[in-house]
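The values are calculated or read from the model by the stated rules, or taken from the named source; none is laboratory data. Here the structure is a predicted model, which is why all the values come from computation and not from measurement. We place every Cβ from the backbone using ideal geometry, glycine too, and count neighbours over all the protein chains shown.
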Number of protein chains: 2
Amino acid sequence: MKIEILNTGTELMLGKVVNTHGAWFGRELFKLGLRAQRQTCVPDGEAIREAIAESLTRCDVLLITGGLGPTTDDITREITAELLGLPLLLDESVVRHIEGIFAHHGRKPPPGNERQAMVPEGANVLDNPNGTAPGLHVPARPDGSSPHLFLLPGPPRELHPMFHDQVVPRLRSLLGDTALPTFLNFRIINVGESAIAEKIEQPLDALVGLGGLEVGYCARPGEVDVRLIGPSGLVATGAEIVRRAFPTEIATESEAELQEVVLDLLTARGETLSTAESCTGGLIASTLTDVPGASRAFLRGYVTYANEAKTDLLGVPPEMLAAHGAVSEPVARAMVEGCRHAAGTTHALSVTGIAGPDGGSEEKPVGTVFIGLASEGRETRVVRLRHPGDRPTVKMRTLRSALDLLRRRLQGLE
Amino acid sequence: MKIEILNTGTELMLGKVVNTHGAWFGRELFKLGLRAQRQTCVPDGEAIREAIAESLTRCDVLLITGGLGPTTDDITREITAELLGLPLLLDESVVRHIEGIFAHHGRKPPPGNERQAMVPEGANVLDNPNGTAPGLHVPARPDGSSPHLFLLPGPPRELHPMFHDQVVPRLRSLLGDTALPTFLNFRIINVGESAIAEKIEQPLDALVGLGGLEVGYCARPGEVDVRLIGPSGLVATGAEIVRRAFPTEIATESEAELQEVVLDLLTARGETLSTAESCTGGLIASTLTDVPGASRAFLRGYVTYANEAKTDLLGVPPEMLAAHGAVSEPVARAMVEGCRHAAGTTHALSVTGIAGPDGGSEEKPVGTVFIGLASEGRETRVVRLRHPGDRPTVKMRTLRSALDLLRRRLQGLE
């Protein structure tokens, strides 16, 4: 089923509002085993006509948001009726719905509101419990010369419930008996996109050649998603290839964030965590506490940016700082042990490094980081890494490396 | 000048990543007095061909992001060359750039990377200091049968500098003698978009009516940008209206981030800062340390998530926590005074609140936060705020409120 999304709204084009519709539709359609072939965004006004006209010839389902309101730049309804040659008829039930909403606030609908009650002949009205403008479903012509059109409101709080309650059931009935494809996502930490491709692209390509399997990569700093989509048998075979290539590097086979994986592991074991951060400056603590319920496992964090803070709070000896420098193996070790001791947690993570752009040297160039991991009854581990990228990227990669070090320990994959 | 934007990437279509390119390009083009007529998003693969082919006939400038990487689903370069009938030639300078990046990490480029060095005949290479894939500028055909194509990398940290440094100058020269409009940006903290519009929309509309002035708003959690663009005289008159309406709320008349403004003020005075965070979980410290050179003013942060941490590290009495709860005026006050005392800094900020989704009550609903500010020789201040939104939004608004409290103190605007 070919699906397209058309978002209308000048505010989206001017950068006033980030268009989250594309990502939201993507996730919702995926749950139905569907994907959009295209998402287009145009300003209010006549640009909408050109965009709808093109899509009519190209897809089976067109989901349109915006342009259903009462003002004169809201013309999606009129343009659709015109393009399909359908007369607009006043729908009395919609008139009463709009009057009811205004009556609720002790007012009468201002002139212009009856435009929202005009319905193209043959279209189904989609009730809008959260606003005045109803949605519309214009069924495909029986001869296949036009797709199913869904005209939907722009504001998410009106769009989302209308989609779930009234569009999804219609899409399901259009799908009929078609088998849904299988989707699998591997989140791989700390391996570059090209290094990943080098290991798995060739064997996966052989499967792609059998037809129906799709492979996608999505890279973020320190983290790459490998996605397999297709018939379940091919996806299962592909999954084995990915698992064998990265026996310890796959943080999860879901779309859970690394911090959620780590916090779930800790919570399941009734264990606790504290952090001592220098170059990441609190990013690890902040990322952990983005997860609701983080307080069950994460107890405290130290952001020891100045050397005095490392000494005061974590007991790092000043002579050690003087002898080795703050960015060094012994200091990362002293930080993490001091942190775990002071916080009384099962585990502690420490980070000290050079995030840049300044502060690098021949021996310790920008991007050099030392990550410490201390756990009750285990030997403390310190790893030295070198992360490429600018300051925020080095911070982000260091965050993921640190959390992954703990994940491996918790999963027995060291 | 008709401009279109094409974003490629299956991850954008699947909803894994919100497409922020559209909004970002919208804002950047606005500064040049330009706007995009259309933004299209398609998955990786053959859908790119159809989308580019259509745009070729429709616009003067086509900005394409994504699909320049080393993997087999990165085919934007090849499709563009094919559609325009241009042979792809190996560019030795790009080969050396890629080899240099890998050599920097003591590695050799894996096979496949040379695809990134293939350049359509006649195209200009746009250097990519932040990644392996260079951008490309394929000039318009002299007969006007194809637009200027800019092939740009998808990751924002590669895209943004390349756009500013290499695409903007080319767009300017395409614009020719058209007088460049004046652009002014006001960053206003902690005032809602509609409250801002209510104060300045009417007087600014009068100027818009004179012709040539455009007003744009861009809202993020806790922060709204008001942008004026047009002839310098009208912009100057409009700027006076904005300044008079918000005498203390404008953090900056540039696009500097609030944390940069605060750190610049501190550094100029030779003053220092420490933080004690509960519900923001280290976000304030992490945001401050995103700024290069933050260590000159920011010395340490405490992430006191558990109550014991508030007592141990900041000296908040357990009986105070029991009597008032961790989210309370006295606790915010004790946290900030304990923090400044322990850290020995000129200023300290504390935050305690309920970020949600759980933990709210009738008296202290989700979004309730107390922010404390202590400064040497000044009375400690605690403000209570109620921030709408989900957990990340509450954290972000709280971050901005806290930094803005300090900004006002430093600028004598309390």
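Yes/no per residue for (1) among the hydrophobic types (A, V, I, L, M, F, W, C); (2) in a loop (DSSP other than H, G, I, E, B); (3) surrounded by 20 or more Cβ atoms within 10 Å (Cβ to Cβ); (4) free of Cβ contacts under 8 Å to residues at least 60 places away in the same chain:
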residue: B:GLU337; (1), (2), (3), (4): no, no, no, yes
residue: B:THR352; (1), (2), (3), (4): no, no, yes, no
residue: B:VAL369; (1), (2), (3), (4): yes, no, yes, no
residue: B:GLY389; (1), (2), (3), (4): no, yes, no, no
residue: B:THR398; (1), (2), (3), (4): no, no, yes, no
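So is A:ALA332 buried (at least 19 other Cβ atoms within 10 Å of the Cβ), within 13 Å of chain B (Cβ to nearest Cβ) and modelled with pLDDT of 95 or more or not?
no
Scan region A:57-90 residue by residue and report those that are touching a residue at least 60 places away in the same chain (Cβ under 8 Å), over 13 Å from A:MET118 (Cα atoms) and of a type in the set (Val, Ile, Thr).
Matches in region A:57-90: A:VAL61, A:ILE64, A:THR65.
How many residues, within region A:76-100, are among the aliphatic types (A, V, I, L, M) and outside any helix (DSSP H, G or I)?
Count: 4.
For region A:400-414, enumerate the residues that are surrounded by 17 or more Cβ atoms within 10 Å (Cβ to Cβ) and in contact with a helix residue (DSSP H, G or I) (Cβ under 7 Å, 6 or more places away or on another chain).
Residues satisfying the conditions are A:ARG400, A:ALA402, A:LEU403, A:ASP404, A:LEU406, A:ARG407, A:LEU410.
Considering only residues of region A:275-285 that are among the polar types (S, T, N, Q) and in contact with a Phe, Trp or Tyr (Cβ under 8 Å, 6 or more places away or on another chain), which is surrounded by the fewest Cβ atoms within 10 Å (Cβ to Cβ)? Steps first, answer last, please.
Filtering region A:275-285 for residues among the polar types (S, T, N, Q) gives A:275, A:278, A:280.
Among the residues that remain, those that are also in contact with a Phe, Trp or Tyr (Cβ under 8 Å, 6 or more places away or on another chain) are: A:275, A:278.
Details: A:THR275: 32, A:SER278: 29.
Looking at residues that are among the polar types (S, T, N, Q) and in contact with a Phe, Trp or Tyr (Cβ under 8 Å, 6 or more places away or on another chain), I get A:SER278.
Just to be sure, is B:GLY26 in a helix (DSSP H, G or I) and free of Cβ contacts under 8 Å to residues at least 24 places away in the same chain?
The answer is yes for B:GLY26.
Looking at A:GLY22, A:GLY26, which one is closer than 14 Å to B:THR40 by Cβ, of a type outside the set (D, E, K, R) and at the interface with chain B (Cβ under 7 Å from one of its Cβ atoms)?
A:GLY22
Select, from A:ALA53, A:ALA47, the only residue that is closer than 19 Å to A:PRO139 by Cβ, at pLDDT 80 or above and not polar (S, T, N, Q). Talk me through it step by step, then tell me what you get.
Working: A:ALA47 fails: closer than 19 Å to A:PRO139 by Cβ.
Checking each option against the conditions leaves just A:ALA53.
I'd like to know if region B:3-18 contains one or more residues that are in a helix (DSSP H, G or I) and either closer than 30 Å to B:GLY212 by Cα or more than 7 Å from chain A (Cβ to nearest Cβ) (or both). Break it down into steps so the answer makes sense when it comes.
Just the residues of region B:3-18 that are in a helix (DSSP H, G or I), to begin with: B:10-13.
This time we only want the ones that are either closer than 30 Å to B:GLY212 by Cα or more than 7 Å from chain A (Cβ to nearest Cβ) (or both), so: none.
Scanning region B:3-18 turns up no residue that is in a helix (DSSP H, G or I) and either closer than 30 Å to B:GLY212 by Cα or more than 7 Å from chain A (Cβ to nearest Cβ) (or both).
If you take the residues of region B:29-53 that are assigned to a helix (DSSP H, G or I) and under 20 Å from the mean Cα position of the chain (by Cα), which of them is farthest from the other protein chains (Cβ to nearest Cβ)?
My answer is B:LYS31.
May I ask you to say which residue of B:ALA236, B:ALA245 is more than 24 Å from B:GLU414 (Cβ to Cβ), small (Gly, Ala, Ser) and outside the structural domain of B:HIS347 (by TED's automatic domain parsing)? Talk me through it step by step, then tell me what you get.
Numbers: B:ALA245 fails: more than 24 Å from B:GLU414 (Cβ to Cβ).
Exactly one residue qualifies, and that residue is B:ALA236.
Do you know which residues across region A:177-234 are β-branched (Val, Ile, Thr) and more than 22 Å from the chain's Cα centre (by Cα)?
Once the filter is applied, which keeps residues that are β-branched (Val, Ile, Thr) and more than 22 Å from the chain's Cα centre (by Cα), region A:177-234 yields A:THR178, A:ILE200, A:VAL208.
Kindly check whether there is at least one residue in region A:214-224 that is in a helix (DSSP H, G or I) and of a type in the set (D, E, K, R).
no
State the number of residues belonging to region B:257-290 that are over 25 Å from A:ALA294 (Cβ atoms) and either among the hydroxyl-bearing types (Ser, Thr, Tyr) or modelled with pLDDT under 95 (or both).
Qualifying residue count, region B:257-290: 3.
What about B:GLU114, is it touching a helix residue (DSSP H, G or I) at 6+ places or on another chain (Cβ under 7 Å) and part of a helix (DSSP H, G or I)? Break it down into steps so the answer makes sense when it comes.
Values: touching a helix residue (DSSP H, G or I) at 6+ places or on another chain (Cβ under 7 Å): yes; part of a helix (DSSP H, G or I): yes.
It is true that B:GLU114 is touching a helix residue (DSSP H, G or I) at 6+ places or on another chain (Cβ under 7 Å) and part of a helix (DSSP H, G or I).
Suppose we filter region B:226-256 for residues that are surrounded by fewer than 18 Cβ atoms within 10 Å (Cβ to Cβ) and within 13 Å of chain A (Cβ to nearest Cβ); how many remain?
Here the count works out to 1.
Considering only residues that are over 13 Å from B:PHE150 (Cα atoms) and basic (Lys, Arg), look in region B:54-99 and name the one that is farthest from the other protein chains (Cβ to nearest Cβ).
Top of the filtered list is B:ARG96.
Yes or no: A:ASP358 acidic (Asp, Glu) and touching a strand residue (DSSP E or B) at 6+ places or on another chain (Cβ under 7 Å)? Give the steps one after another, and end with the answer.
Working: acidic (Asp, Glu): yes; touching a strand residue (DSSP E or B) at 6+ places or on another chain (Cβ under 7 Å): no.
No, not satisfied.
Within region B:286-307, can you find the residues that are closer than 17 Å to B:MET335 by Cα, facing chain A (nearest Cβ under 7 Å) and surrounded by fewer than 24 Cβ atoms within 10 Å (Cβ to Cβ)?
Scanning region B:286-307 gives B:LEU299, B:ALA306.
Among the residues of region B:64-78, is any surrounded by fewer than 17 Cβ atoms within 10 Å (Cβ to Cβ), at negative phi and under 31 Å from the mean Cα position of the chain (by Cα)?
No, the conditions are met nowhere in region B:64-78.
Would you mention how many residues in region B:18-31 are touching a helix residue (DSSP H, G or I) at 6+ places or on another chain (Cβ under 6 Å) and modelled with pLDDT of 85 or more?
In the first step, residues of region B:18-31 are kept if they are touching a helix residue (DSSP H, G or I) at 6+ places or on another chain (Cβ under 6 Å); the result is B:18-19, B:26.
Narrowing the set further to residues that are modelled with pLDDT of 85 or more leaves B:26.
Residues meeting the conditions: 1.
If a residue counts only when it is among the basic types (Lys, Arg) and more than 26 Å from A:ASP60 (Cβ to Cβ), which strands (runs of 3 or more DSSP E) contained entirely in region A:124-200 have at least 1 such residues?
Values: elements: A:124-126, A:135-138, A:148-152, A:182-189.
So the answer is A:182-189.
State yes or no: is A:GLU379 assigned to a helix (DSSP H, G or I), surrounded by fewer than 23 Cβ atoms within 10 Å (Cβ to Cβ) and of a type in the set (Asp, Glu)?
no
Which of the residues spanning region A:67-96 are within 15 Å of A:THR132 (Cβ to Cβ) and modelled with pLDDT under 90?
Result: A:GLY67, A:LEU68, A:GLY69, A:PRO70, A:THR71, A:ASP74.
Take region A:162-213 and flag every residue that is within 30 Å of A:THR132 (Cβ to Cβ) and surrounded by 13 or more Cβ atoms within 10 Å (Cβ to Cβ).
Scanning region A:162-213 gives A:MET162, A:PHE163, A:GLN166, A:VAL167, A:VAL168, A:ARG170, A:LEU171, A:LEU174.
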